[in-house]
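Here the structure comes first, spelled out in structure tokens, and everything after it is commentary.
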Amino acid sequence: MGSALVFADVNFAEGAGVQILKSLIIFAVVLQIVPIILMADRKVMGRMQSRYGPNRVGPYGSMQPIADVLKLLSKEQFTPRSAVPWMMALAPMISITAAVATIAIIPFGDRGMWGGDVGLYGIDVSIGILYAFAFGALSFYGPLLGGWSSGSKYSFLGSMRAAAQLISFEVAMGLSLLGVIMSAGTLSLVGIVDQQAGMWFVVPQIVGFIVFVVAGFAETNRVPFDLPEAESELVQGYLTEYGGMRFGTYFMAEYVNIITISALVTTLFLGGWHGPGPDALGPLWVILKMFAVLFLFVWVRATMPRLRYDQLMSLGWKVLLPLATLNALVTAILVVVT
């Protein structure tokens with residue numbers, strides 16, 4: 001292709017069989033992690049609030065997520081007369097597809113870490129961060145279409161809140177990563193982790209780290225930013241008319257998004273696979289760091305009250321956006337000077 005710039009260049013091409021195997025493993029791992037996170041969410045939050053949490057189904061309540069899935073599978077799918085049925089069915093699929101697709105670029109280790117020449121990641125594209133934001137932008141169509149097509153005023157209000165919230169915090173989230181991109185000199189997530197061999201970016205980019213984490217809470221609609229689902233105001237927001245596994249699919253997408261944000265925080269700010277000990281422990285360090293961030297999600301949910309909607313918008317546009325812009329400006333000056 002000569003000297004033409006290839007924007008979606010894949011840094012390492014592997015065979016079709018390896019790519020298919022990787023895809024299946026990534027999807028299987030995500031499916032296994034979601035019930036674990038759901039269980040940990042309820043049990044840890046219960047302990048923080050001086051209650052037991054699930055403790056009846058299976059040993060110590062460990063089978064509760066499976067019981068929840070079976071219950072949702074047995075429930076009737078209800079569609080209001082004023083709804084658009086095919087769009088109601090499509091919306092949860094958009095949410096879960098966008099959530100799972102982002103996991104494909106999360107690096108758990110470099111090529112050759114466990115022998116051979118296979119990278120411990122789905123793909124390593126030169127536009128890794130843009131890839132993640134592209135699918136993050138697509139995910140907002142799930143709540144938007146689901147709420148609008150339900151034919152309910154509560155669902156519609158919840159979907160409008162979700163769209164405004166995602167757009168508002170997506171801007172601050174993107175700007176918070178400019179410092180990381182300028183410091184690393186690449187958009188590839190594998191390249192960004194490589195640049196953190198000496199120092200994790202959380203140290204020089206502490207402001208960007210804080211902005212990214214707060215924006216990540218808003219992106220996943222978690223407490224204290226769960227305004228699109230505010231049951232005290234909107235019954236259940238964009239989920240009001242959903243039941244059965246369509247309802248469950250939305251919540252699975254929410255937990256996959258939490259895993260994705262935790263993995264991105266680990267990759268972009270916490271050094272990825274870098275840690276004490278031999279290189280072979282790299283994937284273990286990634287998982288431990290992810291679970292530390294996931295614990296933060298649970299901790300905040302158990303302790304913080306829900307914000308008002310005007311407070312939510314003010315935080316995004318008047319606090320996080322200026323901080324992220326200032327951080328990017330200071331980083332640019334330091335990169336040029338040094």
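The values are calculated or read from the model by the stated rules, or taken from the named source; none is laboratory data. Given the structure is predicted, the values throughout are model-derived calculations rather than measurements. Cβ placement follows ideal geometry from the backbone for every residue including glycine, while neighbour counts extend to all protein chains displayed.
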**Prompt:** If you check every pair at least six apart or on different chains, which have Cβ atoms under 6 Å apart with a residue in the range 290-313 that is among the β-branched types (Val, Ile, Thr) first and a residue that is assigned to a helix (DSSP H, G or I) second?
**Reply:** 293/262; 293/265; 298/41; 298/44; 298/45
**Request:** Out of the residues in the range 276-286 that are free of Cβ contacts under 8 Å to residues at least 60 places away in the same chain and surrounded by 13 or more Cβ atoms within 10 Å (Cβ to Cβ), state the one that is nearest to residue 199 (Cα to Cα).
**Result:** 285
**Fill in**
Subset of the range 205-232, residues without any contact (Cβ under 8 Å) to a residue 24 or more places away in the chain and outside any helix (DSSP H, G or I), comes to none
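A quick yes/no check of all residues on (1) within 15 Å of the chain's Cα centre (by Cα); (2) part of a loop (DSSP other than H, G, I, E, B); (3) not aliphatic (A, V, I, L, M):
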site	(1), (2), (3)
135	yes, no, yes
146	no, no, yes
155	no, no, yes
158	no, no, yes
166	yes, no, no
171	no, no, no
174	yes, no, yes
182	no, no, no
186	no, yes, yes
**Asked** Which of (1) surrounded by fewer than 19 Cβ atoms within 10 Å (Cβ to Cβ); (2) in contact (Cβ under 8 Å) with a residue 12 or more places away in the chain; (3) not aromatic (Phe, Trp, Tyr) does residue 185 not meet, given it meets every other one?
**Response** (2)
**Message:** Going by what's in this entry, would residue 75 be described as charged (D, E, K, R) and touching a residue at least 24 places away in the same chain (Cβ under 8 Å)?
**Reply:** yes
**Item:** Condition met for residue 161 (charged (D, E, K, R), surrounded by fewer than 23 Cβ atoms within 10 Å (Cβ to Cβ) and either in contact (Cβ under 8 Å) with a residue 60 or more places away in the chain or touching a Pro at 6+ places or on another chain (Cβ under 9 Å) (or both))
**Value:** no
**Message:** Given the options 94, 66, 103, name the one that is surrounded by fewer than 19 Cβ atoms within 10 Å (Cβ to Cβ) and aliphatic (A, V, I, L, M).
**Reply:** 66
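Yes/no matrix, rows are residues, columns are (1) of a type in the set (D, E, K, R); (2) modelled with pLDDT of 85 or more:
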| position | (1), (2) |
| --- | --- |
| 111 | yes, no |
| 131 | no, yes |
| 139 | no, no |
| 161 | yes, no |
**Prompt:** Has the range 263-275 got any residue that is over 20 Å from residue 195 (Cβ atoms), of a type in the set (Gly, Ala, Ser) and crowded, with 16+ Cβ neighbours inside 10 Å?
**Reply:** no
**Asked** Hey, among the residues in the range 181-210 that are closer than 22 Å to residue 122 by Cα and of a type in the set (A, V, I, L, M), which one's modelled with the lowest pLDDT?
**Response** 197
**Message:** Among the listed residues 280, 292, 253, 230, identify the single one that is modelled with pLDDT of 90 or more and among the hydrophobic types (A, V, I, L, M, F, W, C).
**Reply:** 292
